Each structure stands twice: as C-alpha cells, then as structure tokens.
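Accompanying notes for the structure given below.
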Amino acid sequence: VQLQASGGGLVQAGDSLRLSCAASGRTFSSYTMGWFRQAPGKEREFVAAISRSGGTTRYTDSVKGRFTISRDNAKNTVYLQMSSLKPEDTAVYYCGADGNRLSTYSNLTVDYWGQGTLVTVSS
C-alpha cells in the first residue's frame, strides 16, 4: 500500500483545513487508517484513527471536538477535517495504514506511512 498525504498549508488560528490521504491498491478497506503528527523537536504523536468500515473512530484528547476523521473506501481515501486550529496544532501530519484492529492502532503497529504534509497555524 502506498499512501499520499495532501492538504497541508499555512492558516491562521481558528481556521479550518482538511487533510487527505489517498491509498493505492485494492485492499484499502482492510486497513485501519489514522493520522499522526510530529511537531519540531517532539516525538510523533497519535491524532485520530478510524476503523476499516468507518463506523468507529478514536481521537487524542487535545483534538476531540475540533477534528473529525472519515474515510471513503470507494475512493481509497481517508480525511482529517480540522477546525478551530490552534498554533499548537502546527506539525507535519502523517497518515498510517494498519492491518490490525482499531483498538490496537498506534505508531508501533502501522504497516505503511504516508510522506507527511505540513500544517502551520499562525497566531
């Protein structure tokens, strides 16, 4: 599986942005998908994940109520809708595909990574 992330950019605090991650191959629906981010000088952290069917999602506390993850299995794409962006959301965002269940999804279980897309939020 090859993943191509896009949609990053420079926005102001309070703005919205939607990230996309397009996957190659015909087995997209068999992967739990998610997003991670890595800010300068920090470790990569989990942001959100979505089950294979799209029926269940999980978020880190700092983005709950502001970010929404979704997927379109017909288009082999996962999205991250980000609203009310804050300067602390500034990071390179990576999508990841994991052949395991949502309950175990983490940076240690991801099988395939996208190349990352930079999100910069100015104050």
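The values are calculated or read from the model by the stated rules, or taken from the named source; none is laboratory data. Everything numeric in this text was worked out from a predicted model, so none of it was measured. Here the Cβ is made from the backbone with ideal geometry for all residues, glycine too, and neighbour counts use every protein chain on show. Surface areas here come from the heavy atoms of the whole protein model, side chains and all, with no ligands, DNA or RNA. Shrake-Rupley method; radii C 1.70, N 1.55, O 1.52, S 1.80 Å.
Checked against (1) surrounded by 17 or more Cβ atoms within 10 Å (Cβ to Cβ); (2) of a type in the set (Val, Ile, Thr); (3) within 14 Å of the chain's Cα centre (by Cα), THR60 meets all criteria but (1). For first residues located in the range 86-100 and in contact (Cβ under 8 Å) with a residue 12 or more places away in the chain and closer than 19 Å to LEU17 by Cα, partners that are hydroxyl-bearing (Ser, Thr, Tyr) and buried (at least 18 other Cβ atoms within 10 Å of the Cβ) and lie 6+ apart or on another chain with Cβ distances below 6 Å form the pairs TYR93/THR117. In the range 101-117, the residues that are over 15 Å from ALA48 (Cα atoms) reach residues that are at pLDDT below 95 and open to solvent by 40 Å² or more (accessible area, probe 1.4 Å) with C-beta atoms within less than 7 angstrom, at least six apart or across chains, in these pairs: TYR112/VAL1.
Do we find a residue being farther than 22 Å from GLY8 by Cβ and open to solvent by less than 30 Å² (accessible area, probe 1.4 Å) anywhere in the range 39-53? Yes - at least one qualifying residue is present in the range 39-53. Checked against the criterion of being of a type in the set (D, E, K, R) and touching a strand residue (DSSP E or B) at 6+ places or on another chain (Cβ under 9 Å), the candidates ASP61, ASP72 yield just one match: ASP72.
Each residue in the range 1-16 was checked for being assigned to a strand (DSSP E or B) and more than 12 Å from the chain's Cα centre (by Cα), and 4 pass.
A single entry from SER84, SER123, SER29 fulfils the requirement of being touching a Pro at 6+ places or on another chain (Cβ under 7 Å), open to solvent by 50 Å² or more (accessible area, probe 1.4 Å) and not aliphatic (A, V, I, L, M): SER123. A residue that is open to solvent by 70 Å² or more (accessible area, probe 1.4 Å) and touching a strand residue (DSSP E or B) at 6+ places or on another chain (Cβ under 7 Å) occurs somewhere in the range 98-105.
Residue by residue, here is whether (1) of a type in the set (Lys, Arg); (2) closer than 16 Å to GLY99 by Cα; (3) touching a residue at least 24 places away in the same chain (Cβ under 8 Å) holds:
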site: SER20; (1), (2), (3): no, no, yes
site: ALA23; (1), (2), (3): no, yes, yes
site: MET33; (1), (2), (3): no, yes, yes
site: GLN38; (1), (2), (3): no, no, yes
site: GLY41; (1), (2), (3): no, no, no
site: SER51; (1), (2), (3): no, yes, yes
site: THR56; (1), (2), (3): no, yes, yes
site: GLN81; (1), (2), (3): no, no, yes
site: SER84; (1), (2), (3): no, no, yes
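Only one of the numbered conditions (1) open to solvent by less than 20 Å² (accessible area, probe 1.4 Å); (2) assigned to a loop (DSSP other than H, G, I, E, B); (3) of a type outside the set (Gly, Ala, Ser) is not met by TRP35, and that is (2).
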